[in-house]
Amino acid sequence: MNQIIINIKSFKYLALIIISLTVILLSSNTLKAVEKKPQLVATNNVWSSASFPVERFQRYTSPFGYRRSPRGGRLEFHNGLDIAAPQGSYIRNWWGGKVIKVGDRGACGTHIIVQSGNWKHSYCHMKGGVQKINGRLYMIDRAGGIKIAKGQQIPAGVRIGRIGMTGRTTGPHLHWVLRYGNNYVDPAQVLRAMYSKQAIRQTSNIRSNQRYQIKLEESKVISNQ
Ligand SMILES: [Zn+2]
């Protein structure tokens, strides 16, 4: 009789030990999973820090590629994507990099060009203009609180200007140009890649360490604009 009681007692202890071990194991697994997440995002998703370039998006008004010119009907190459938004909407830097040009002349109007590795991204028709202060060139939009110096570094997602009507344009929009090396790239493809990667990140089970290779069909060099 005594032995049975002891056995039951020790069984109880054993069960307790098993339960607490399971709890400890489970919780450490959960901790590990949580710790892994940010790393996964940083290494597997090259687009995770890229930003959509326009606030208060309305619609895409003209795609990348050949089109009939609005004036004259001549076939011309449209080297960027037109994104319409109300006048004064903020424009955001797509990808962190260095400002290699600020300008306010020509068809592009007030614009800046940012270089991020092999990528160059241009933002046209912005409000404001260029000014030289102490020998340094700036794109300045005072009402919008924007002052961008040529040569400065800017992170992804920061406000770099506002939608305006400078240069050759029939309505308020951002003319957004992407180049990889010397080739123009369709920005719509980049946006699609950005959002498909974000969808994968949200829904996928964890994949191995392999990096995603984003393949973009790069357009041929057609114009040197
Ligand atoms: Zn355009």
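The values are calculated or read from the model by the stated rules, or taken from the named source; none is laboratory data. All values reported here derive from a predicted model rather than from experimental measurement. Here the Cβ is made from the backbone with ideal geometry for all residues, glycine too, and neighbour counts use every protein chain on show. Remember, those area values only see protein heavy atoms, side chains included, never the ligands or the DNA or RNA. Shrake-Rupley method; radii C 1.70, N 1.55, O 1.52, S 1.80 Å.
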Return a yes/no flag: does region 53-74 have any residue that is away from the ligand (no atom under 16 Å from the Cβ), closer than 22 Å to Ala156 by Cα and at pLDDT 50 or above.
yes
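For region 162-190, which positions are outside any strand (DSSP E or B), of a type outside the set (Gly, Ala, Ser), open to solvent by 10 Å² or more (accessible area, probe 1.4 Å) and out of contact with any Ser or Thr (no Cβ under 7 Å at 6 or more places or on another chain)?
Initially, region 162-190 is screened for residues outside any strand (DSSP E or B), giving 164-172, 181-182, 186-190.
Add one more test, that the residue is of a type outside the set (Gly, Ala, Ser), and what stays is 165-166, 168-170, 172, 182, 186-187, 189-190.
Filter again for open to solvent by 10 Å² or more (accessible area, probe 1.4 Å), leaving 165-166, 168-170, 172, 182, 186, 189.
Across region 162-190, the qualifying residues are Met165, Arg168, Thr169, Thr170, Pro172, Asn182, Gln189.
Quickly run through region 79-108 and pick out the residues that are within 12 Å of the ligand (Cβ to nearest atom), surrounded by fewer than 19 Cβ atoms within 10 Å (Cβ to Cβ) and under 24 Å from Ala193 (Cβ atoms).
In the first step, residues of region 79-108 are kept if they are within 12 Å of the ligand (Cβ to nearest atom); the result is 79-84, 107-108.
Retained after the next criterion (residues that are surrounded by fewer than 19 Cβ atoms within 10 Å (Cβ to Cβ)): 84, 107.
If the condition is that a residue be within 12 Å of the ligand (Cβ to nearest atom), surrounded by fewer than 19 Cβ atoms within 10 Å (Cβ to Cβ) and under 24 Å from Ala193 (Cβ atoms), then Ala84 is the only one that fits.
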Of all residues in region 40-52, count the ones that are modelled with pLDDT of 90 or more, open to solvent by less than 40 Å² (accessible area, probe 1.4 Å) and hydrophobic (A, V, I, L, M, F, W, C).
1
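Just to be sure before I move on: is Pro155 under 16 Å from the mean Cα position of the chain (by Cα), within 16 Å of the ligand (Cβ to nearest atom) and in contact (Cβ under 8 Å) with a residue 24 or more places away in the chain in the structure I sent? Talk me through it step by step, then tell me what you get.
Working: under 16 Å from the mean Cα position of the chain (by Cα): yes; within 16 Å of the ligand (Cβ to nearest atom): no; in contact (Cβ under 8 Å) with a residue 24 or more places away in the chain: yes.
Considered against the rule, which asks whether it is under 16 Å from the mean Cα position of the chain (by Cα), within 16 Å of the ligand (Cβ to nearest atom) and in contact (Cβ under 8 Å) with a residue 24 or more places away in the chain, Pro155 comes out as no.
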Six or more apart or on different chains, Cβ atoms under 8 Å: show the pairs whose first residue is in region 77-94 and without any contact (Cβ under 8 Å) to a residue 60 or more places away in the chain and whose second is surrounded by fewer than 21 Cβ atoms within 10 Å (Cβ to Cβ).
His78/Ser62; His78/Pro63; His78/Gly65; His78/Tyr66; His78/Arg67
